Amino acid sequence: MHDLQVKRALISAYNKEGLDKICQRLHQLQVEIYSTGGTQQYIQQLHIPCHSIETLTGYPSILGGRVKTLHPAVFGGILARRNHPEDKQQIKDYDLTLFDLVIVDLYPFEETASSTQDESAIIEKIDIGGVSLIRAAAKNFNDVAVVASRQEYDQLLQWLTDQQGIIRYEQRKWLAARAFAHCTHYDLAITHYFEQFIDTGIFFAEASPSLVLRYGENPHQPARFFGNLHALFDQLHGKALSYNNLVDIHAACGLIAEFHETTFAIIKHTNACGVASRDTIFEAWKAALQGDPESAFGGILITNTPIDETTAASINEIFFEVCIAPEFTPGALDMLSKKKNRILLKQKAAIVSTTSFKTVLNGILQQEPDQINFQSWHEVTRPLTSEEKTDLIFANLVCKHLKSNAIALVKNKQLIGKGCGQTSRVDALRQAIEKAHQSGFDLHGAVMASDAFFPFDDCVRLAHQAGITAVIQPGGSIRDEDSIRFCKEHQMGMVITGTRHFLH
């Protein structure tokens, strides 16, 4: 666990950004530098002496640059253990040139794969020698310091400056860990590229960078977020996002993405407590809040339409955690920013996910996201009115985003009652009816959506008693006919979609 005085460095960088300060500091410390091709030319243009790696290997860069550093003279000088008796002897026998510092910037595979469909260009940006140099130096961190990313340049420069060219054991170990993580990220990007052509059947998941959160679902649970929030949102105001904020924001974004006309939604513990579509943002907000004003306290607000000053003035009257919109007018932003902890997010991009994961037991479940409303539309009792059809489609979309067992009651494109997370479907309906009455709604003429089939006709009976005129459900129960018969006898509309929307 000794300190390492850097005397000789190997540098191979595709992107030279930020490298000048490192090289200048190494030169000031009288560190001998070796490099390859373009990197050597770059260093020499800084008027810093630099040896060609070819002076060690005796080979030029061959095969179009595919082979430059893959040689025992290079890797021996990186992997040699300085205090290992046999290694020390072989260092002498083969006259190995030892490296104390290895700096690599890999070919930009991800950038190339995302910017072109040219397979040959993409394949050529799979780095071989660079990854090998990184892994070799990281493995031998006891005797070598490795820098595998420009993200570590500032830290390296600080150590080289503050410690006069010395890199301590703990620092080298930290750099090695970062190096292996960088290689993993690089290899996963390559794997994901090839997975579009073949299903490997192997679980690969990686996201970066990570964000340390204040805590998890509860204060005693440490937590992190892995991902790039800045790609999706600009945080315009407020405190740092919490674990629960992120979970609710995910649910909110998934729900609002279902709607194309002006819509406002209020989320509480991942469930919608208010959703409405209207001609204006102000009307949509007022209708969403009316759906369950009690539950809206401390909720997540989201809309697909810019928030104006009039709407902001009304929003400003309640307590909320987060407000998300594609834009805030200057007056609205100023008004909503009066309270320092309120989180205001400008959503820059839709949440697009092709796969969802959940940890269970000692493994991981993987599935495709639920991205459809219904697969078929069978009106099995009587013809529906155009208003009923519109409300049933709306209700089914909302119900899809409620925790099972779930029921959504809708009238005039407004969620007026919901039951979710119940252990029986009829209990979910009872909860939805009670919520609607609690908020002062008249259920006569409303419609009902169920996330799964009705095992008995008790739900449609209770819905009829409440004044509901039409229902939408996936069907599939061995007793479907009982519910259909009751609806026919009482002139209730029923749509069977063939699409279940369980959400756990």
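Place the peptides 103-110, 235-242, 393-400 in order of packing, highest mean first, counting for every residue the other Cβ atoms within 10 Å and averaging per peptide. Mind showing how you got there, number by number?
Working: 103-110: 21.1, 235-242: 16.6, 393-400: 24.9.
In descending order of packing, they fall as 393-400, 103-110, 235-242.
If amide H atoms are built 1.01 Å from N in the plane of the peptide, which residues on other chains or at least 5 residues away come under 5 Å of the amide H of Thr262?
Arg278
Going by amide H atoms built from the backbone, whose H comes under 5 Å of the H on Ala145, apart from near neighbours?
Here Leu101, Val102 satisfy the definition.
So if each residue of separation counts as 0.36 nm, and I subtract the Cα-Cα distance between Lys358 and Asp458, what length gain in nm does that give?
Stretched fully, the Lys358-Asp458 segment lengthens by 32.6 nm.
Please compute the contact order of the range 383-461 in relative form: average sequence separation of alpha-carbon pairs under 8 Å and at least six residues apart, divided by the residue count, as a percent.
This gives 31 percent for the range 383-461.
Which shape class, rounded, prolate or oblate, goes with the range 345-484 when its Cα gyration tensor gives a ≥ b ≥ c as root eigenvalues, a/c under 1.5 marks rounded, and past that a/b bigger than b/c marks prolate?
prolate
Go ahead and run the numbers for FRET between Asn83 and Glu327, Cβ-Cβ distance against an R0 of 60 Å, rounding to 0.05. Write down the numbers at each step before the final one.
Working: r = 62 Å, r/R0 = 1.04.
Efficiency, from the Cβ-Cβ distance: 0.45.
Points 7 angstrom from Cα along the Cβ direction at Lys338 and Lys286: gap in nanometres?
Taking the two extended label points, one gets 2.0 nm.
Taking the highest mean first, how do the peptides 435-447, 38-50, 257-269 order by number of other beta carbon atoms within 10 angstrom per residue?
The densest-packed peptide leads the list: 257-269, 435-447, 38-50.
Relative to the longest principal axis of the C-alpha atoms of the chain, give the angle of the C-alpha long axis of helix 169-195, reported between 0 and 90° and rounded to the nearest 10°.
For helix 169-195, the angle is close to 60 degrees.
What FRET efficiency do you get for Ala189 and Arg382 if R0 is 60 Å and r is their Cβ-Cβ distance, rounded to the nearest 0.05? If you can, show how the numbers build up before the last one.
On the way: r = 55 Å, r/R0 = 0.92.
Calculated value: 0.60.
In whole Hz and in residue order, list the ³J(HN,Hα) couplings for the range 321-332 that follow from phi through the Karplus curve 6.51 cos²θ - 1.76 cosθ + 1.60, θ = phi - 60°; x for Gly and Pro.
Residue by residue, the range 321-332 yields 8, 9, 10, 10, 8, x, 6, 10, 5, x, x, 5 Hz.
What number, in percent, do you get for the relative contact order of the range 111-224 if the mean sequence gap of Cα pairs under 8 Å and at least 6 apart is divided by its residue count?
Values: 81 pairs, mean separation 23.3, N = 114.
Reported relative contact order: 20 percent.
Do any of Lys286/Lys346; Lys68/Lys139; Lys7/Lys88; Lys286/Lys348 go past 23 Å between their Cα atoms, and which?
Lys286/Lys348
Among (1) 19, 37, 26, 16, 2; (2) 26, 59, 15, 0; (3) 24, 58, 18, 1, which one is P(r) over Cα pairs in 20 Å bins from 0, in percent computed from these coordinates?
Checked against the structure: label (1).
Run the simple label-point estimate for Phe226 and Leu29 please: 7 Å along Cα→C-beta, distance reported in nm.
Distance between label points: 3.2 nm.
Fully extended, how many nm does the chain gain between Asp370 and Thr310 (0.36 nm per residue separation, minus their Cα-Cα distance)?
The span from Asp370 to Thr310 would gain 18.1 nm if fully extended.
Compute the helix-to-body angle for 386-400: its Cα long axis versus the longest principal axis of the chain, expressed 0 to 90° and rounded to tens.
Helix 386-400 and the main axis of the chain meet at about 40 degrees.
Report for the chain the percent antiparallel among DSSP-assigned beta bridges with both residues inside it, nearest 5.
So the antiparallel bridges amount to about 55 percent of the total.
Along the Cα→Cβ direction, 7 angstrom out, place labels at Ile351 and Gln45. What is the inter-label distance in nm?
With each label placed 7 Å out from Cα toward Cβ, I get 4.5 nm.
Laboratory data are not the source of any read-out in this text; all were calculated from the coordinates shown. Computed from a predicted structure; not experimentally measured. So basically every Cβ, Gly included, is an ideal-geometry build from the backbone, and we count neighbours across all protein chains shown.
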